[in-house]
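Here is the structure we will look at.
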Amino acid sequence: MAPAKVAIIGGTGVYENAYLEDPQEMIVETGFGQALFCRGHYREREIYFLARHGTGHGLPPHLVNYRANIAAIKKLGISAVIATAAVGSLRQGMPPGSRVVIDQFIDFTKGRPATFYEGGEEGVIHVDLTEPYCPELRQAILRAGETLGERIIDGGCYLCTEGPRFETPAEIRMFALWGGDLVGMTNVPEVVLAREAGLCYATIALVSNFAAGISPQALSHQEVLDEMARGKDSLDRLLMAVATEISTGRNCSCSLGAGPWNPDWEASNDEP
Ligand code: HPA
């Protein structure tokens, strides 16, 4: 059997993986633009690493080309995607340093292309998100954590804001009342596009700070980067352990909700 191909989308503070063997950069062209990967191996797995904000964190959350990234993963024939996302916490039980395999999201974004299906020739689809994150990939992350002796919290609701600013304390109080546990700026539309493309997708949320008004101090991007740097080596190991837990065959229903895939979305822009 061919080795399982796995995509890793690294969020803030996660721009490469130290355990990736034979890393090589590659650009994938799609109908939505380019996506840049670092392709390598780890224990029989072919791994494609993509830094969501670019390798030098040059892309803010609202300008990430989520459609190009997901279309490129689909074009590469990958069906399993593990993403990381730095988040602020709304809950005392999820302090900085916590890792949470989220199971729900609330969308508070405002102006991003959020679907592959823009009507007209593309058609209209309304994808089911009763279970937004692949249950099998979520279990693979939890198993990998157990194997490494790491505590990973099973379940949490990610509230996605538009950013790039941090939130006000009033917004955070409202998000907590709504049922949000964690706040970040990038998981939507990534998770939605993955489902539209029929991919299995799960996210490890990495708590870098308590959210605005809960944290005793003003928030800063540097604080987020510092916390990410503290956990980077163990995160790199965890991601590789997750990749080795993933097999080629799965029994989840992630691929069933996909819309009709348009081959033009995989086109190279430079093709005639
Ligand atoms: N808010 C939004 N996004 C974030 C935060 C936060 O507090 N921390 C890390 N990403």
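How do the helices (runs of 4 or more DSSP H) wholly within the range 160-272 filter down when requiring 2 or more residues that are loosely packed, with under 15 Cβ neighbours inside 10 Å: which remain? Give the derivation first.
Working: elements: 169-178, 187-196, 221-230, 232-245.
Fully inside the range 160-272 and qualifying: 169-178, 221-230, 232-245.
For the range 195-208, the criterion of a residue being near the ligand (Cβ under 10 Å from one of its atoms), farther than 27 Å from Leu256 by Cβ and hydrophobic (A, V, I, L, M, F, W, C) is satisfied by at least one position. When restricted to residues that are over 22 Å from Val101 (Cβ atoms) and touching a Ser or Thr at 6+ places or on another chain (Cβ under 7 Å), the range 29-56 contains 1. Restricted to the range 22-44, and to residues there that are surrounded by 18 or more Cβ atoms within 10 Å (Cβ to Cβ) and touching a residue at least 40 places away in the same chain (Cβ under 8 Å), the residue that is nearest to Asn65 (Cα to Cα) is Phe32. Applying the selection to the range 91-111, what residues are outside any strand (DSSP E or B) and within 17 Å of the chain's Cα centre (by Cα)? Matches in the range 91-111: Ser98, Ile102, Asp103, Thr109.
If I filter the range 143-161 for residues that are within 12 Å of the ligand (Cβ to nearest atom) and out of contact with any Asp or Glu (no Cβ under 9 Å at 6 or more places or on another chain), do I get at least one hit? Within the range 143-161, not a single residue is within 12 Å of the ligand (Cβ to nearest atom) and out of contact with any Asp or Glu (no Cβ under 9 Å at 6 or more places or on another chain).
Every number here is computed from the coordinates shown, using simple stated rules; none is lab data. Quantities reported herein were computed from a predicted structural model and do not represent experimental measurements. Here the Cβ is made from the backbone with ideal geometry for all residues, glycine too, and neighbour counts use every protein chain on show.
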